[in-house]
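Student: Once you've had a glance at the structure underneath, I'll fire off some questions.
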Amino acid sequence: MTKVWGGLDPARLHASYFVDDQGDLPSDDEARQCWLAQPGFNPDHLIQGGRDDNFWEMAETGPCGPCTEIHYDFGPEFCDMQDVPGHVCAVNGDCARIVEIWNNVFIQYNRTSPTDFQPLPKRHVDTGMGFERIVSIIQGVNGNYETDLLKPLLDETQRLSGQSIAEREADFTSYRVIADHVRAATFF
Ligand SMILES: [Zn+2]
């Protein structure tokens, strides 16, 4: 992320790791140590998260485990809640400034009851990155639909419909739905 993809600024990266707010499971100190060892990573940008934000499970029983997330700070100008009294930009906050771009889930437990977690005999990492989000960072644009993955589809939709820029903005949700579906159709 910091060397190949256009050299993302390490100072803009935030990470989170699991600390159990219910006290049943050990904290993910291995992930914590990995982040602190990354060159240029700001230790103040490492935050803890509990079951809601940093623990993944597909159901009430079954494989599950802690996760570590990477978030990117687009900068204060991307905050869309600046006029909300008391708003503070934060990881897992509500505004558009700091956005999750990657999640690594460490599938290491088999959950058999609300409180029983058995270690899995074989463990793995389920890793997922937001493709449109990383492209929007690299291209320096505000949002997925401004990237060259999707914007040309919105432009063509506007051309075919003969709408004005104002009409396009008024119908923006429809434009996004059309762009998403057109792209999905090309996967075949
Ligand atoms: Zn904000």
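The values are calculated or read from the model by the stated rules, or taken from the named source; none is laboratory data. Treat the numbers as computed from the prediction; the structure is a model and nothing was measured. For neighbour counting, all protein chains shown are included, and Cβ atoms are generated from backbone atoms with ideal geometry for every residue, glycine included.
Student: Can you confirm whether the range 164-173 contains a residue that is closer than 30 Å to residue 63 by Cα, of a type outside the set (Asp, Glu), surrounded by fewer than 16 Cβ atoms within 10 Å (Cβ to Cβ) and out of contact with any Asp or Glu (no Cβ under 6 Å at 6 or more places or on another chain)?
Tutor: Just the residues of the range 164-173 that are closer than 30 Å to residue 63 by Cα, to begin with: none.
Taking every residue of the range 164-173 in turn, none turns out to be closer than 30 Å to residue 63 by Cα, of a type outside the set (Asp, Glu), surrounded by fewer than 16 Cβ atoms within 10 Å (Cβ to Cβ) and out of contact with any Asp or Glu (no Cβ under 6 Å at 6 or more places or on another chain).
Student: Continuing with the same structure: Residues 49, 40, 23, 62: which one is closer than 30 Å to residue 110 by Cα and loosely packed, with under 12 Cβ neighbours inside 10 Å? Please lay out each step first, then the result.
Tutor: Numbers: 49 fails: loosely packed, with under 12 Cβ neighbours inside 10 Å; 40 fails: closer than 30 Å to residue 110 by Cα; 62 fails: loosely packed, with under 12 Cβ neighbours inside 10 Å.
Just one listed residue meets the conditions, 23.
Student: When the range 23-81 is examined, which residues are found to be over 18 Å from residue 120 (Cβ atoms), of a type in the set (D, E, K, R), more than 16 Å from the ligand (Cβ to nearest atom) and outside any helix (DSSP H, G or I)?
Tutor: Scanning the range 23-81 gives a single hit, 69.
Student: Also: If you go through the range 78-90 one residue at a time, do you hit one that is under 23 Å from residue 140 (Cβ atoms), in contact with a strand residue (DSSP E or B) (Cβ under 6 Å, 6 or more places away or on another chain) and touching a residue at least 40 places away in the same chain (Cβ under 8 Å)?
Tutor: Checking the range 78-90: not a single residue is under 23 Å from residue 140 (Cβ atoms), in contact with a strand residue (DSSP E or B) (Cβ under 6 Å, 6 or more places away or on another chain) and touching a residue at least 40 places away in the same chain (Cβ under 8 Å).
Student: Hey, another quick one. I need a count of the residues in the range 35-51 that are under 21 Å from the mean Cα position of the chain (by Cα) and without any contact (Cβ under 8 Å) to a residue 24 or more places away in the chain. Can you show your working first?
Tutor: Here is the first cut: in the range 35-51, the residues under 21 Å from the mean Cα position of the chain (by Cα) are 35-36, 38, 40-51.
Going one step further and asking which of them are without any contact (Cβ under 8 Å) to a residue 24 or more places away in the chain, we end up with 36, 43-44.
Adding up the residues that qualify gives 3.
Student: With the requirement that a residue be at pLDDT below 90 and within 10 Å of the ligand (Cβ to nearest atom), what does the range 82-95 give you? Please lay out each step first, then the result.
Tutor: Going residue by residue through the range 82-95, those that are at pLDDT below 90 are 92-94.
Within the range 82-95, 93, 94 qualify.
Student: May I pose another question? Could you give every pair whose Cβ atoms fall below 8 Å, whose first residue belongs to the range 5-34 and is in contact (Cβ under 8 Å) with a residue 60 or more places away in the chain and among the charged types (D, E, K, R), and whose second residue is surrounded by 12 or more Cβ atoms within 10 Å (Cβ to Cβ) and in a helix (DSSP H, G or I), counting only separations of at least 6 or pairs across chains?
Tutor: Between residues of the range 5-34 that are in contact (Cβ under 8 Å) with a residue 60 or more places away in the chain and among the charged types (D, E, K, R) and residues that are surrounded by 12 or more Cβ atoms within 10 Å (Cβ to Cβ) and in a helix (DSSP H, G or I), the close pairs are 28/54.
Student: Also: Out of all the residues in the range 130-188, which are aliphatic (A, V, I, L, M), under 26 Å from the mean Cα position of the chain (by Cα) and part of a helix (DSSP H, G or I)? Steps first, answer last, please.
Tutor: Going residue by residue through the range 130-188, those that are aliphatic (A, V, I, L, M) are 134-135, 137-138, 141, 149-150, 153-154, 160, 165-166, 170, 177-179, 182, 184-185.
Now drop any that are not under 26 Å from the mean Cα position of the chain (by Cα), which leaves 134-135, 137-138, 141, 149-150, 153-154, 177-179, 182, 184-185.
The answer is 134, 135, 137, 138, 153, 154, 177, 178, 179, 182, 184, 185.
Student: Is it the case that the range 67-75 has a residue that's among the β-branched types (Val, Ile, Thr) and in contact with a Leu (Cβ under 9 Å, 6 or more places away or on another chain)? Before you say what the answer is, go through the steps one by one.
Tutor: Taking the range 67-75 as the starting set, the residues that turn out to be among the β-branched types (Val, Ile, Thr) are 68, 70.
Next, only the ones that are in contact with a Leu (Cβ under 9 Å, 6 or more places away or on another chain) stay: 70.
Within the range 67-75, one or more residues are among the β-branched types (Val, Ile, Thr) and in contact with a Leu (Cβ under 9 Å, 6 or more places away or on another chain).
Student: What number of residues in the range 97-125 are free of Cβ contacts under 8 Å to residues at least 40 places away in the same chain and loosely packed, with under 12 Cβ neighbours inside 10 Å?
Tutor: Here the count works out to 5.
Student: Among the residues of the range 96-129 satisfying the criterion of being under 19 Å from residue 73 (Cα atoms) and away from the ligand (no atom under 16 Å from the Cβ), which is farthest from the chain's Cα centre (by Cα)?
Tutor: First pass over the range 96-129, keeping only residues under 19 Å from residue 73 (Cα atoms): 96-104, 128-129.
Those left that are additionally away from the ligand (no atom under 16 Å from the Cβ): 101-104, 128-129.
Details: 101: 3, 102: 5, 103: 7, 104: 11, 128: 9, 129: 7 Å.
Applying the filter and picking the extreme gives 104.
Student: It is to be established whether one or more residues within the range 35-52 are more than 30 Å from residue 115 (Cα to Cα) and small (Gly, Ala, Ser). Spell out how you get there, then give the answer.
Tutor: Start the filter on the range 35-52 by keeping residues that are more than 30 Å from residue 115 (Cα to Cα), which leaves 36-45.
Checking which are small (Gly, Ala, Ser) leaves us with 37, 40.
Yes, the range 35-52 has at least one match.
Student: Looking for something aromatic (Phe, Trp, Tyr) and exposed (fewer than 12 other Cβ atoms within 10 Å of the Cβ) - is there at least one such residue anywhere in the range 29-37?
Tutor: Kept after step one, since they are aromatic (Phe, Trp, Tyr), are these residues of the range 29-37: 35.
Filter again for exposed (fewer than 12 other Cβ atoms within 10 Å of the Cβ), leaving none.
Among the residues of the range 29-37, not one is aromatic (Phe, Trp, Tyr) and exposed (fewer than 12 other Cβ atoms within 10 Å of the Cβ), which makes the answer no.
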